[in-house]
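Undergrad: Let me give you the structure first, and then I'll get to my questions.
The values are calculated or read from the model by the stated rules, or taken from the named source; none is laboratory data. Since the model is a prediction, treat every value here as computed from it, not as a measurement. Backbone-built Cβ (ideal geometry, glycine too); neighbour counts: all protein chains shown.
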Amino acid sequence: MNTYDCAPTLRDNEVLEFCKNGYLMLPGVVPEEVNRRAIEYVAAQPHMEPTEILKEDWFHENVIINPSAAGAVRSLLGRDFHLPILMSNHRVECPAGNQGWHVDGNFDFGARLPYLQVFYYPQETPLEFGPTEIVPGSHLIKNVARGMQHYDRIRHSRATEAPAGSIFLTAYQIWHRRSKSTAKGIRNLLKYFYWRTQPPKRDWIIEPGFDPATANYTTPADQMGDQFRACNRVAELFTWLCGKGDHFQNLGGQSWPLPANRLGTSYGYPEELGMIP
């Protein structure tokens, strides 16, 4: 299999933050020389799927298994994760209007993380160049593209403007769109995937003092639906990533994982989640 392994780089709280928000930004982690070569490559291959770039050693070493990005992927997908097999380029001639909000097709919605969608900006991408706009926490809210096209500005959305060489990881089902651009030029945004090959396990960097029983599972998505529903989804996803998904439970009312100053042990907390391998 086309797999890769490395040391995890994320800690408990960083994994939990990904569960809450559905994305992780890694600004400027790719060397400038590699960014320049990537721009030259896609300029010579100006189509939507320049997949052959995956065969280039300089691209593989500095982007696909970039230490910062690969360490984060390893933390979220476990060891021996499957490497990308297709490269897409969301190449846009600017200025251009914003895209409609959507969730990409063929997603597997649920409190699991079987794969990651990853984006790479080979060039500096300020607001004027129409960076991807995302809605933090929206990966927890099930929807389909045809039910989102009428939305315009969504409260709490954010644009992923970033310096050249930035990589950001997302849960595939996060709500997103290309934002409006006002500058003139070509904006490139390379998109690819990594897949899990091993059962989930809490084998990222264990953080001293981190307690899943008292951790804050509040997410921006709590403002998009029924009260505490998304909070429960965060806890369910984190429990699954720890390899304890079968033990997740929601006993309702004031039980774990709702944010509160409780007396004693959080009622409903699965004790198995506190067992560090």
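Undergrad: Taking the condition of a type in the set (A, V, I, L, M) and in contact with a Ser or Thr (Cβ under 9 Å, 6 or more places away or on another chain), does residue 26 pass?
TA: yes
Conditions tested, residue by residue: (1) part of a helix (DSSP H, G or I); (2) surrounded by fewer than 21 Cβ atoms within 10 Å (Cβ to Cβ).
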{"position": "47", "(1), (2)": "no, yes"}
{"position": "61", "(1), (2)": "yes, yes"}
{"position": "68", "(1), (2)": "yes, yes"}
{"position": "71", "(1), (2)": "yes, yes"}
{"position": "76", "(1), (2)": "yes, no"}
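Undergrad: Of all residues being part of a strand (DSSP E or B) and of a type in the set (Lys, Arg) in region 182-212, which is surrounded by the fewest Cβ atoms within 10 Å (Cβ to Cβ)? Just the residue, please. Quick ask: steps written out before the conclusion?
TA: Within region 182-212, the first condition is being part of a strand (DSSP E or B), and the residues that meet it are 182-187, 190-195, 205.
Filter once more, so that each one left must be of a type in the set (Lys, Arg): 184, 187, 191.
On the way: 184: 10, 187: 20, 191: 17.
Residue satisfying both the conditions and the ranking: 184.
Undergrad: One residue is enough: does region 150-170 have a residue meeting the conditions crowded, with 18+ Cβ neighbours inside 10 Å, closer than 30 Å to residue 253 by Cα and either assigned by TED's automatic domain parsing to the domain that holds residue 108 or touching a residue at least 40 places away in the same chain (Cβ under 8 Å) (or both)?
TA: Looking for residues that are crowded, with 18+ Cβ neighbours inside 10 Å, closer than 30 Å to residue 253 by Cα and either assigned by TED's automatic domain parsing to the domain that holds residue 108 or touching a residue at least 40 places away in the same chain (Cβ under 8 Å) (or both), one finds at least one in region 150-170, hence yes.
Undergrad: Turning to a different aspect of this structure: Mind listing whichever residues of region 216-260 are touching a Phe, Trp or Tyr at 6+ places or on another chain (Cβ under 8 Å), part of a loop (DSSP other than H, G, I, E, B) and not polar (S, T, N, Q)?
TA: Of everything in region 216-260, those that are touching a Phe, Trp or Tyr at 6+ places or on another chain (Cβ under 8 Å), part of a loop (DSSP other than H, G, I, E, B) and not polar (S, T, N, Q) turn out to be 217, 248, 251, 256, 257, 258, 259.
Undergrad: Next question. Could you grab the pairs with beta carbons closer than 7 Å, sequence gap of 6+ or different chains, first residue in region 22-44 and touching a residue at least 12 places away in the same chain (Cβ under 8 Å) and within 20 Å of residue 93 (Cβ to Cβ), second one aromatic (Phe, Trp, Tyr) and surrounded by 15 or more Cβ atoms within 10 Å (Cβ to Cβ)?
TA: Cβ pairs passing all conditions: 38/59.
Undergrad: Looking at (1) under 30 Å from residue 230 (Cα atoms); (2) at pLDDT below 95, can you tell me which one residue 75 breaks?
TA: Going through (1) under 30 Å from residue 230 (Cα atoms); (2) at pLDDT below 95 one by one, residue 75 breaks only (2).
Undergrad: Being in the same structural domain as residue 128 (by TED's automatic domain parsing), under 21 Å from residue 163 (Cβ atoms) and more than 19 Å from the chain's Cα centre (by Cα), is that true of even one residue in region 16-30?
TA: No, every residue in region 16-30 fails to be in the same structural domain as residue 128 (by TED's automatic domain parsing), under 21 Å from residue 163 (Cβ atoms) and more than 19 Å from the chain's Cα centre (by Cα).
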